[in-house]
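Below is one structure; the comments refer to it alone.
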2 protein chains.
Amino acid sequence: MPDGDQKKPSRIQTRNRLVILDAALNVFSQHGYRGATLDQIASEAGLSKPNILYYFQGKEDIHLTLLSQLMETWLDPLVELDPDGDPQTEILDYVQRKLDMALELPRESRLFAGEILQGAPRMGPHLESDLKPLFDQKCEVIAGWSAAGKIAPINPQHLIFSIWATTQHYADFAAQVTVLLGADTDPYQTASEHLRSMFTAILRNKA
Amino acid sequence: MPDGDQKKPSRIQTRNRLVILDAALNVFSQHGYRGATLDQIASEAGLSKPNILYYFQGKEDIHLTLLSQLMETWLDPLVELDPDGDPQTEILDYVQRKLDMALELPRESRLFAGEILQGAPRMGPHLESDLKPLFDQKCEVIAGWSAAGKIAPINPQHLIFSIWATTQHYADFAAQVTVLLGADTDPYQTASEHLRSMFTAILRNKA
DNA sequence: TCGTGGATTTACCAAATGGTAAAATTTTAT
DNA sequence: ATAAAATTTTACCATTTGGTAAATCCACGA
């Protein structure tokens, strides 16, 4: 009997929890936490509302589960940034990985964006405990490269912000991008080229 | 008797409509359209719920009014980009105006971001009719500068996306920025310098 | 000062919301 | 096959939601 189950989950449990989380990702990423309803999640999951509450303790539990799972995926591209690799390559590859992730997981990107937009009320602690240490660590790596003259002098913190902003923009603001580029245009190719050329210029910059 | 009033508004009307819109901006920008409640808006405005519905036809009317008013303000910095000015100066000044606006009007930035994040269900038409023509026009200006060799070769559409993304990031993701930079650090000065140096590098780029 | 129309409050309402209890059904191990 | 456990459904419930009707209050010009 699930909810706060300790034993290993049955096949049904595993399947239904996945189905519910997938449905919840659709709804939460589209309407935000307060705008999402259990009925909508239930309907999208093809289950009854009480059935959903059999697998999760409540609305907040579902949301929190999604955010926790997402955090790992989300930090992954930054984790892979290798202090011993070639600086230029490492950063450009990081940009590419972030862009790929935004385009492959737009719902996740929007869920994250929505939570931050609302002041991270349910994710503040995760930011402090998971994101900040990694961020600080990688900032030092980039600062080291910068100091050693391997890349242009640059503020590492704001560089990372710029990478996040420009890549996630294509997921979070997809509705706007689509209108402005035309529904037929696929932004991926051009976006990828633009970002590569842009961050190349920044890392080369001599002033 | 207001609501869809035709005659010129009284002092009380003007004041209360402003108070309501300000309160609504707080609530909508923090919780999104569906997550916002009339009770909350009323409470924040210091008025009763029926009193609010005396001035606006309903929740959607308030939201729509906010978005319409916002659109003008939001396009303004781009309107000011002068085709006859010095390209480098014009673009860097545009970046600066966008950053200033994000830091001075964070609620407006978040309201806008939230609406786009949710697929622009109530603003799609405005994007097509107001934003797109201006966007296309300014893209051609930049493309002209690029073709004339006055700035580096660059994709104008994605350049503008990058400007929007990097500047609005400081308003929309303020919760994250605050955690990562430390609550005591004021991001404005460093962000401004970073963005100026970054976009300078891009516009100078020879490849 | 008094009437009139604008402004506000009180008292509601139907629908939707997150959630629960318990009965009914299905799965699983024996 | 059958009992026990896991799963799902049915029938609710209290609260909140957007919104309305009507009574009341109040400002202000004649």
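The values are calculated or read from the model by the stated rules, or taken from the named source; none is laboratory data. If you're wondering where the values come from, they're calculated on a predicted model, not measured in any experiment. Here Cβ is always computed from backbone atoms with ideal geometry, including for glycine, and neighbour counts include all displayed protein chains. Protein only, heavy atoms only, side chains kept; ligands, DNA and RNA dropped before computing areas. Shrake-Rupley method; radii C 1.70, N 1.55, O 1.52, S 1.80 Å.
Of everything in region A:16-61 that is of a type in the set (V, I, T), under 23 Å from A:S109 (Cα atoms) and over 17 Å from the mean Cα position of the chain (by Cα), the residue that is farthest from DNA strand D (Cβ to nearest atom) is A:I41.
Taken over region A:20-44, the criterion of being within 14 Å of chain B (Cβ to nearest Cβ) and either small (G, A, S) or not in a helix (DSSP H, G or I) (or both) is satisfied by A:S29, A:G32, A:G35, A:A36, A:T37.
Each row is one residue, and each column tells you yes or no for (1) at pLDDT 95 or above; (2) within 23 Å of B:P121 (Cα to Cα).
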| position | (1), (2) |
| --- | --- |
| B:D3 | no, no |
| B:Q6 | no, no |
| B:Q13 | no, no |
| B:N16 | no, no |
| B:L25 | yes, yes |
| B:Y33 | yes, yes |
| B:I41 | yes, yes |
| B:L70 | no, yes |
| B:L78 | yes, no |
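For A:L47, the conditions (1) closer than 24 Å to A:A165 by Cβ; (2) outside any helix (DSSP H, G or I) all hold with the exception of (1). Here A:I202 passes the criteria (1) facing another protein chain (nearest Cβ under 7 Å); (2) under 30 Å from A:N26 (Cα atoms); (3) crowded, with 20+ Cβ neighbours inside 10 Å except the one numbered (2).
The set of residues in region B:57-81 that are more than 16 Å from DNA strand C (Cβ to nearest atom) and either of a type in the set (K, R) or open to solvent by 60 Å² or more (accessible area, probe 1.4 Å) (or both) comprises B:L64, B:Q69, B:E72, B:D76, B:V79, B:E80.
Residue selection: B:G149 fails the criterion of being within 7 Å of chain A (Cβ to nearest Cβ) and either open to solvent by 10 Å² or more (accessible area, probe 1.4 Å) or not charged (D, E, K, R) (or both). Restricting the first member to region A:110-134 and to residues that are more than 7 Å from every other protein chain (Cβ to nearest Cβ), and the second to residues that are small (G, A, S), the beta-carbon pairs closer than 6 Å and six or more apart or on different chains are A:L111/A:S29.
Of all residues in region B:173-199, exactly one satisfies the criterion of being open to solvent by 10 Å² or more (accessible area, probe 1.4 Å), modelled with pLDDT of 95 or more and of a type in the set (F, W, Y), namely B:F173. Is it the case that region A:161-170 has a residue that's over 30 Å from A:D22 (Cβ atoms) and surrounded by fewer than 18 Cβ atoms within 10 Å (Cβ to Cβ)? No: zero hits. For region B:36-51, the candidate set comprises residues that are open to solvent by less than 40 Å² (accessible area, probe 1.4 Å) and away from DNA strand C (no atom under 12 Å from the Cβ); within that set, the residue that is nearest to B:D136 (Cα to Cα) is B:A36.
If the condition is being within 14 Å of the chain's Cα centre (by Cα), at the interface with chain A (Cβ under 8 Å from one of its Cβ atoms) and in contact (Cβ under 8 Å) with a residue 12 or more places away in the chain, then region B:152-168 contributes B:W164, B:T166, B:Q168. In summary, A:Y54 fulfils each of the numbered conditions (1) open to solvent by less than 60 Å² (accessible area, probe 1.4 Å); (2) in a helix (DSSP H, G or I); (3) in contact with an Asp or Glu (Cβ under 8 Å, 6 or more places away or on another chain) with the single exception of condition (1).
Among the residues in region A:95-104, are any free of Cβ contacts under 8 Å to residues at least 60 places away in the same chain and either over 15 Å from the mean Cα position of the chain (by Cα) or within 11 Å of chain B (Cβ to nearest Cβ) (or both)? No, because not a single residue in region A:95-104 is free of Cβ contacts under 8 Å to residues at least 60 places away in the same chain and either over 15 Å from the mean Cα position of the chain (by Cα) or within 11 Å of chain B (Cβ to nearest Cβ) (or both). Checking the structure you have, find out if any residue of region A:7-18 is out of contact with any His (no Cβ under 7 Å at 6 or more places or on another chain), near DNA strand C (Cβ under 9 Å from one of its atoms) and open to solvent by less than 10 Å² (accessible area, probe 1.4 Å). Within region A:7-18, not a single residue is out of contact with any His (no Cβ under 7 Å at 6 or more places or on another chain), near DNA strand C (Cβ under 9 Å from one of its atoms) and open to solvent by less than 10 Å² (accessible area, probe 1.4 Å). Just give me the residues in region A:77-89 being outside any loop (DSSP other than H, G, I, E, B) and in contact with a helix residue (DSSP H, G or I) (Cβ under 8 Å, 6 or more places away or on another chain), in sequence order. Within region A:77-89, A:P77, A:L78, A:V79, A:P87, A:Q88 meet the criteria.
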